[in-house]
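Take a look at the structure below.
The values are calculated or read from the model by the stated rules, or taken from the named source; none is laboratory data. Source: prediction; values computed, not measured. FYI the Cβ positions are ideal-geometry reconstructions off the backbone, even for glycines, and counts take in every protein chain you see. Just the protein is used for accessible areas: all its heavy atoms, side chains included, with ligands, DNA and RNA removed. Shrake-Rupley method; radii C 1.70, N 1.55, O 1.52, S 1.80 Å.
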Amino acid sequence: TKRPEDVIGLHFFSPAYVMRLLEIVRPAKCADDVIVTGFELAKKLGKVGVLSGVCDGFIGNRILARTRKQADAMIEDGALPWEVDKAMEAFGLPMGPFRVMDLAGLDIAWAQRKRTADARDPKERYVEIADKICEKGWFGQKTGRGWYIYEDGKPQPNPEVEAIILAESKRKGITRRTIDADEIQKRILYAMINEGAKIVDEKIAARPLEVDMVKIFGYGFPRWRGGPLCTADIIGLSTVLDDIKELAKDDANFWQPSHLLKRLVSEGKTFGDLNK
């Protein structure tokens, strides 16, 4: 376009008539008055507008992609999808990650994985379980079967999925182990925290507050916890960093600590300090 200053992105969340979040995406040349117009539109629609820079997934879906990879790794290591969902629902999420995938449609993420396969880091741990489920035509609620089986609208564990998971672990030579709820919650939460910190460091989000708002209003993160970066402050950033370094012993490629997280720890500061 010859008027890049008038171009803006408005990313609604599904279902758009229910979800309150609206990511207002600012391209490099977008004019300030257009950004203001985006926020005014959000108000008129009864949405909570959050400013985001441009990257794959913006703020919310970029974090979601990281947490899904960690959820996939855990089911290959020893957990089952319904165990992961139960743990995260106990943490305060309205729905666990595998139930969310079934609701959104497994074919959506499958198409994205196929589209970006050539750009995938060869060092990345890639879990093929979801691909194998999609190859069977099981795309979640809309097909009546995905991670779960849906009878009368109620999700029930899919025993055939469990068989696929066990076969994949065996094929890769992984000795499955028990992963308790505390570990599940920590690995999912820390994936959110670390990626959220990277998003702030890259200035995709202006402040940690924007990350927390996106997770609360778009993804059902429990409001009483304040958002993942607020939760990190409550836990203590030095504790979070030490735990991430410990997790990196098993998967150094995934658990690369954010430069911002390391800097805040070294300076004795918190994410909250950046919101002032």
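For this structure, a couple of remarks:
- Odd one out for P94, checked against (1) within 21 Å of F221 (Cα to Cα); (2) part of a helix (DSSP H, G or I): (2)
- Pair list, Cβ < 6 Å and 6+ apart or interchain, from the stretch 124-148 residues that are more than 14 Å from A109 (Cα to Cα) to residues that are aromatic (F, W, Y) and surrounded by 15 or more Cβ atoms within 10 Å (Cβ to Cβ): Q141/Y150; G144/Y150; R145/W138
- Only one entry of K186, K123, K132 meets the criterion of being under 30 Å from S238 (Cα atoms), open to solvent by 50 Å² or more (accessible area, probe 1.4 Å), of a type outside the set (D, E) and part of a helix (DSSP H, G or I), and that entry is K186.
- Test: residue in the stretch 49-58 that is among the acidic types (D, E), within 15 Å of the chain's Cα centre (by Cα) and outside any helix (DSSP H, G or I): yes
- Members of the stretch 135-178 found to be touching a strand residue (DSSP E or B) at 6+ places or on another chain (Cβ under 7 Å) and either open to solvent by 30 Å² or more (accessible area, probe 1.4 Å) or modelled with pLDDT under 95 (or both), listed by number: W138, Q141, P155, Q156, P157
- Subset of the stretch 207-227 [in contact (Cβ under 8 Å) with a residue 40 or more places away in the chain and part of a helix (DSSP H, G or I)]: P208, L209, E210, V211, M213, V214, K215, F217, G218, Y219, W224, R225
- Within the stretch 250-272, residues that are small (G, A, S) reach partners that are part of a loop (DSSP other than H, G, I, E, B) with beta carbons closer than 9 Å, at six or more positions or on different chains, in the pairs A252/K123.
- Restricting A71, A79, A87 to residues that are touching a Phe, Trp or Tyr at 6+ places or on another chain (Cβ under 9 Å), touching a residue at least 60 places away in the same chain (Cβ under 8 Å) and crowded, with 21+ Cβ neighbours inside 10 Å narrows the list to A71.
- Picking from residues in the stretch 52-61 that are touching a helix residue (DSSP H, G or I) at 6+ places or on another chain (Cβ under 7 Å) and surrounded by fewer than 21 Cβ atoms within 10 Å (Cβ to Cβ), the one that is modelled with the highest pLDDT is C55.
- Condition broken by A232, with the remaining ones in (1) under 18 Å from the mean Cα position of the chain (by Cα); (2) open to solvent by 10 Å² or more (accessible area, probe 1.4 Å) satisfied: (2)
- Top-ranked residue of the stretch 258-271 - restricted to ones that are within 21 Å of the chain's Cα centre (by Cα) and open to solvent by less than 30 Å² (accessible area, probe 1.4 Å), ranked as farthest from P208 (Cα to Cα): S258
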